[in-house]
Amino acid sequence: MDIIQIFSEYYKYFLRGTEATVLVSLITVFFGTILGCLIALMRLSRFREVSGIAKVYITVIRGTPLLVQLYIVYYQLHFIPWPEGTVLGVELARVMPCVLALSMNSAAYVAEVIRSGIQAVDYGQTEAALSCGMSKTQAMRCIILPQAVKNILPALGNEFVTMIKETSIIQYLGVGDLMYNNGIVVTATYNPLPCYYISGIIYLALNIVLGKGLDIFERRMKRSDR
Amino acid sequence: MTGENVLFEIKGLKKSFGELEVIRGIDTTIRRGEVVVVIGPSGSGKSTFIRCLNLLEIPTGGSILFEGENITGKGYNIHKHREKVGMVFQQFNLFNNLTVLENITISLKKVKKIDPAAAEEKALGLLRRVGLADKAGAYPAQLSGGQKQRIAIVRAMAMEPDVMLFDEPTSALDPEMVGEVLAVIRDLAGEGVTMVVVTHEMAFAQKVGTRILFMDGGVIAEEGTPQEVFGAPQNDRTKDFLSKVIHTI
């Protein structure tokens with residue numbers, strides 16, 4: 001009962017928080033995937049220096065807590081004149097380091113997923129492409145990556161789901177995401193349990209929607225199977 | 001020999017993988033219109049040899065001249081070379097993410113920069129010749145091994161190469177599909193397509209080959225016409241090999 005009562009009274013907070021969470025998640029997934037692709041290709045480079053950089057990057061990111069990374073990015077990049085203005089009531093100067101830290105973190109995991117996907121594609125596919133006169137880049141873009149993406153879609157989906165949940169960490173920099181607003185409602189009502197139920201249900205709903213979307217995409221990619 | 005008709009001139013070819021020397025010095029010449037069939041026991045370097053011809057393996061010694069140019073030399077355009085040298089693999093290696101038609105047209109469009117409509121028309125014409133026009137929209141996973149291999153041949157032929165390389169094209173096929181693939185290769189040979197075929201199909205080698213190379217231990221142990229090699233082998237290792245692969249019960 002408390003749940004319904006608190007939600008009907010404070011739904012605006014939850015809604016505003018959800019907006020921020022969705023926005024930050026989308027941007028993070030977008031940049032995380034692009035950066036992840038880049039790092040995966042670097043990791044697979046035949047130049048040892050290039051793959052070495054990617055290797056170190058992945059080791060460092062995977063080996064340190066996201067919260068530590070968030071604070072380091074925030075304080076280390078303090079000198080950058082982030083654009084002024086606000087998004088959903090939060091200063092860009094706070095949102096942008098958050099998005100940057102989250103994307104950098106996500107990229108390390110995405111890179112390993114993509115690498116495993118590329119390596120799982122039979123090398124015969126590359127050889128066939130090369131023997132048709134294609135360049136390595138063409139073979140990668142037209143033949144290998146499309147097959148790799150299909151194979152890694154479940155693992156990639158997993159990473160996206162994780163990212164939506166991990167964005168809750170940005171509340172520590174005062175970005176008004178779902179958990180930040182959850183905190184406001186807890187303080188206002190002195191009744192934490194229903195608040196956490198509400199937030200939990202919202203995260204779950206977001207991830208169910210995301211999961212459905214990924215299912216549809218996966219089915220479309222499966223066309224080339226039997 | 002007249003330079004005009006020489007396609008490959010191979011001198012002292014060597015290839016090592018680390019410590020392991022797989023090709024230990026091959027000298028031979030492949031002329032236009034020839035059907036060179038390479039036979040020999042497993043591990044004799046047959047596949048490595050023809051993979052050197054389109055530079056899927058980079059030789060570690062010797063030289064290969066193709067149409068007079070040293071293909072292992074610096075500045076040689078490997079991509080251009082591979083356009084002129086078609087390759088058919090044991091495992092077909094059709095592009096799994098593309099339809100049959102796209103498998104054939106992709107290199108026409110991306111490499112030869114042929115207009116898409118013309119590329120499709122060409123691909124359909126070739127598919128009709130091997131009796132697979134109805135499979136144009138199918139994906140490789142929906143095809144039998146024999147169908148895949150015939151399409152792989154069409155894919156390579158679409159580029160109008162100067163020479164076709166076949167690396168054990170029927171070894172991964174179910175026995176009942178071997179015939180349909182060999183028939184396509186035989187027809188191409190009949191049209192005068194130059195080819196180098198690595199195979200264990202001895203009847204095919206005898207009938208279609210214009211020259212047989214018997215490889216053993218990374219060298220050409222014996223070469224000659226099918227009549228010479230199959231009829232009156234000179235080398236003991238050839239005799240031994242042939243007695244094992246030609247089954248008479």
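The values are calculated or read from the model by the stated rules, or taken from the named source; none is laboratory data. In this text, all values refer to a predicted model and were calculated from it rather than measured experimentally. Ideal geometry is used to build each Cβ from the backbone, glycine not excepted, and the neighbour counts take in all protein chains shown. Note: areas computed on protein heavy atoms with side chains; ligands, DNA, RNA excluded. Shrake-Rupley method; radii C 1.70, N 1.55, O 1.52, S 1.80 Å.
Estimated translational diffusion coefficient (Stokes-Einstein, Kirkwood radius over Cα pairs, 10 °C, 1.306 mPa s) of chain A: 81 µm² per second. Which residues among the stretch A:3-17 fall inside the zone where the amide N is under 13 Å from a point 7 Å beyond the Cα of residue A:193, along Cα→Cβ? Zone members listed by number: A:3. Just checking the listed ones, A:117, A:200, A:17: in the Gaussian network model of chain A with Cα springs under 10 Å, the one fluctuating most is A:200. Heavy-atom surface analysis with a 1.4 Å probe gives chain B a carbon and sulfur content of 48 percent of its accessible area.
With protein chains left intact and a 1.4 Å probe, residues in the protein assembly as shown average 49 Å² of accessible area per residue.
For residue B:240 and residue B:84, a Förster radius of 35 Å and the Cβ-Cβ distance give a FRET efficiency of 0.40, rounded to the nearest 0.05. Remark: accessible area buried at the A-B interface is about 2000 Å², both chains counted, probe radius 1.4 Å.
Cut-off 15 Å, label point 7 angstrom out along Cα-to-Cβ of residue A:222: give me the residues of the stretch A:138-159 whose amide nitrogen falls inside. The answer is A:150-155, whose backbone nitrogens lie closer than 15 Å to the label point.
Please compute the average number of Cβ atoms from other chains found within 10 Å of each residue's Cβ in peptide B:153-160.
Details: counts 0, 0, 3, 3, 0, 1, 3, 0.
Counting Cβ atoms of other protein chains within 10 Å of each residue's Cβ and averaging gives 1.
Multiplying the residue separation of residue A:76 and residue A:209 by 0.36 nm and removing their Cα-Cα distance gives an extension gain of 44.3 nm. Pop the C-beta distance of residue B:60 and residue A:158 into the FRET formula with R0 = 30 Å and round what comes out to the nearest 0.05. Efficiency computed from Cβ-Cβ geometry: 0.10. Cβ-Cβ distance of residue B:118 and residue A:37, R₀ of 35 Å, FRET efficiency by 1/(1 + (r/R0)^6): the value works out to about 0.55.
Arrange the residues B:214, B:241, A:79 by how much accessible surface each exposes, largest first, with a 1.4 angstrom probe.
Values: B:214 0, B:241 20, A:79 155 Å².
Largest accessible area first, the list is A:79, B:241, B:214.
Between helix B:145-158 and chain B there is an angle of about 90 degrees, using the helix long axis and the longest principal axis of the Cα atoms.
If you line up the long axis of helix A:192-221 against the longest principal axis of chain A, both from Cα atoms, how many degrees apart are they, to the nearest 10? Roughly 20 degrees between the two axes. Could you work out which residue, out of B:196, B:130, B:219, moves most in a Gaussian network model of chain B, that is, has the largest mean-square fluctuation with Cα springs under 10 Å? With Cα springs under 10 Å in chain B, the top fluctuation among B:196, B:130, B:219 is at B:130.
Placing +1 at every Lys and Arg Cβ and -1 at every Asp and Glu Cβ, with all other atoms neutral, what dipole size does the protein assembly as shown have around its Cα centre, in debye to the nearest 20? Walk me through the numbers on the way to the answer.
On the way: 48 positive and 46 negative charges, 82 e Å.
So the magnitude is around 400 debye.
Which of rounded, prolate or oblate describes chain B when judged by the alpha-carbon gyration tensor and an a/c cut-off of 1.5?
Details: a/c = 1.85, a/b = 1.31, b/c = 1.42.
Because a/c hits 1.5 or more and a/b fails to exceed b/c, chain B counts as oblate.
Return the average number of partner chain Cβ atoms within 10 angstrom of each residue Cβ along peptide A:150-163. Show your work: numbers first, answer last.
Values: counts 2, 0, 0, 0, 0, 0, 0, 0, 0, 0, 0, 0, 0, 0.
Rounded to a whole number, the mean comes out at 0.
Dipole of chain B, Cα-centred, from +1 at each Lys and Arg C-beta and -1 at each Asp and Glu C-beta, to the nearest 20 debye? Intermediate values should be presented prior to the final figure.
On the way: 29 positive and 31 negative charges, 102 e Å.
Roughly 480 debye, rounded to the nearest 20.
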